[in-house]
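Working notes for the structure below.
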């Protein structure tokens, strides 16, 4: 199992430029031979993408489905949008389900993985994409906005990545999306950048304690 971290901007550019790049980069050794025989690189494999009812998450889910992955679409409140992503994938010949979950709630995250495992038998790729971006000068940031953003971006990422560490099958890949705001130093992005910096700090210790060892690449 390996871990990759990308900024949202770089991740979007990667998926737009190379539809199969997401799957090929996390392929198991046996997958290469299958792909060479004409099998889609994600055939027989499953992916969970959090926050995938729209935007980067939806685009990523569709790319994975196009490459043969069965995909679990996660949403918080946008049930109609999530259902449409599923319909789009199925209409294109893929397999997908949608499951509501607030990633800040560990029980909901467990239920998300349970739904995926029930539908597809396990998970091979987990992409932690769900996040909240509340921006304001420090003096104007409300307690509520700050607290909710930290719950989703830090605790939510932890919940998803912890469950992924427990369940991702051998040869799988775990990906989290960060943000260029960490280094851009925008005046209104202080709290948001702090939440994303916390995400980037998590992987530093994971290779030492995840089962089977984890290789970490930073892009």
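The values are calculated or read from the model by the stated rules, or taken from the named source; none is laboratory data. Since this is a predicted model, take the numbers as computed values, not measurements. A quick note on method: Cβ atoms are made from the backbone with ideal geometry, for glycine too, and the neighbour counts reach across all protein chains shown.
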*Check on residue 114, more than 15 Å from residue 44 (Cβ to Cβ) and part of a helix (DSSP H, G or I)*: yes
*Looking only at the stretch 135-154, decide whether some residue is in contact (Cβ under 8 Å) with a residue 12 or more places away in the chain, over 19 Å from residue 191 (Cα atoms), part of a helix (DSSP H, G or I) and in contact with a helix residue (DSSP H, G or I) (Cβ under 7 Å, 6 or more places away or on another chain).*
no
*Hey, could you check the stretch 48-77 for residues that are out of contact with any helix residue (DSSP H, G or I) (no Cβ under 7 Å at 6 or more places or on another chain) and assigned to a loop (DSSP other than H, G, I, E, B) and say which is surrounded by the fewest Cβ atoms within 10 Å (Cβ to Cβ)?*
77
*asked:* Take the residues in the stretch 187-205 that are part of a loop (DSSP other than H, G, I, E, B) and out of contact with any helix residue (DSSP H, G or I) (no Cβ under 8 Å at 6 or more places or on another chain); name whichever of them is surrounded by the most Cβ atoms within 10 Å (Cβ to Cβ).
replied: 188
*Of all residues in the stretch 85-98, which are over 18 Å from residue 45 (Cβ atoms) and either free of Cβ contacts under 8 Å to residues at least 12 places away in the same chain or in a strand (DSSP E or B) (or both)?*
87, 91, 98
*Of everything in the stretch 165-182 that's touching a helix residue (DSSP H, G or I) at 6+ places or on another chain (Cβ under 8 Å) and not in a strand (DSSP E or B), which residue is modelled with the lowest pLDDT?*
182
*Looking at (1) touching a helix residue (DSSP H, G or I) at 6+ places or on another chain (Cβ under 6 Å); (2) loosely packed, with under 15 Cβ neighbours inside 10 Å, can you tell me which one residue 91 breaks?*
(1)
